[in-house]
Amino acid sequence: MLRRSLSYAKIVQIAVNTKRKPQRLQKLLPSTATGHYSTNSLKMTQLNLPPFKARLSGTPDSPKIFDMLRRKYVALTPEESVRQHFIHFLVDHKGYPAALLANELPLTCGNKQLRADTVLYDRELHPKMIIEYKAPTIKITQRVFDQITAYNILLNVDYLVVSNGIEHYCCKMDHSNRSYKFLSTIPDYKDL
């Protein structure tokens, strides 16, 4: 039996090194997730987001995490880890209604198919916020802001958020003056 004091990396290492049939990750990992782990590098990246109760599945070679918005298990990639932490942060700590959030929203720009990572809608179902995620190892650069700005040309939202799980940026758009303002924090839903 594994002790709860073991690190995620150590638990994954035990799972990978075992000669028996791979055990389910749900049985190996503690009930709360506080960061992203990699079964290949066996290292843990601590995220700048609160922990949440993650529902994990799969094997050490192919881990999956439950996406509460899509209502299914999805591959646990570094970017997906950030997405799931951020969604739970918005719902559990900022009061965002899960029913008004959508993951992997398909967008079409000419012949190009795009996907917005997460979109928040208002109560009239108009897009209100676009959230773009990157893996913790990816730096937030101008290119990331250019990407989310391209999505906003199509959706015309009031807020743009970019996060790699460590750094988070939120912009309030001022469409009438064609400008934006960086906010010091992610606003609560009631303040949008």
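The values are calculated or read from the model by the stated rules, or taken from the named source; none is laboratory data. Since the structure is predicted, the reported quantities are computational estimates derived from the model, not experimental observations. Cβ atoms come from the backbone with ideal geometry, glycine included; neighbour counts cover every protein chain shown.
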**Asked** Is it true that some residue in region 75-96 is modelled with pLDDT of 95 or more, over 15 Å from the mean Cα position of the chain (by Cα), part of a strand (DSSP E or B) and over 23 Å from residue 136 (Cβ atoms)?
**Response** no
**Complete:** When region 173-188 is checked residue by residue, the ones that are buried (at least 18 other Cβ atoms within 10 Å of the Cβ) and under 18 Å from the mean Cα position of the chain (by Cα) are 186
**Prompt:** Is at least one residue of region 84-91 within 26 Å of residue 46 (Cβ to Cβ) and among the β-branched types (Val, Ile, Thr)?
**Reply:** yes
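For residue 103, state whether it is among the polar types (S, T, N, Q), under 27 Å from residue 190 (Cα atoms) and either in the same structural domain as residue 151 (by TED's automatic domain parsing) or at pLDDT 95 or above (or both). Steps first, answer last, please.
Values: among the polar types (S, T, N, Q): yes; under 27 Å from residue 190 (Cα atoms): yes; either in the same structural domain as residue 151 (by TED's automatic domain parsing) or at pLDDT 95 or above (or both): yes.
Yes; evaluated as a whole, the condition is true for this residue.
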**Message:** Kindly evaluate residue 46 against the criterion of being closer than 24 Å to residue 192 by Cα, among the polar types (S, T, N, Q) and not assigned by TED's automatic domain parsing to the domain that holds residue 127.
**Reply:** no
**Asked** Are any residues in region 101-110 outside any strand (DSSP E or B) and either in contact with a Pro (Cβ under 6 Å, 6 or more places away or on another chain) or touching a residue at least 24 places away in the same chain (Cβ under 8 Å) (or both), and if so, which ones?
**Response** none
**Item:** Scan of region 173-192 for residues that are assigned to a loop (DSSP other than H, G, I, E, B) and either among the hydroxyl-bearing types (Ser, Thr, Tyr) or over 24 Å from residue 46 (Cα atoms) (or both), ordered by number
**Value:** 175, 176, 177, 178, 184, 185, 192
**Message:** With the structure loaded, tell me whether residue 186 is modelled with pLDDT under 95, closer than 24 Å to residue 125 by Cα and in the same structural domain as residue 127 (by TED's automatic domain parsing) or whether it fails that test.
**Reply:** no
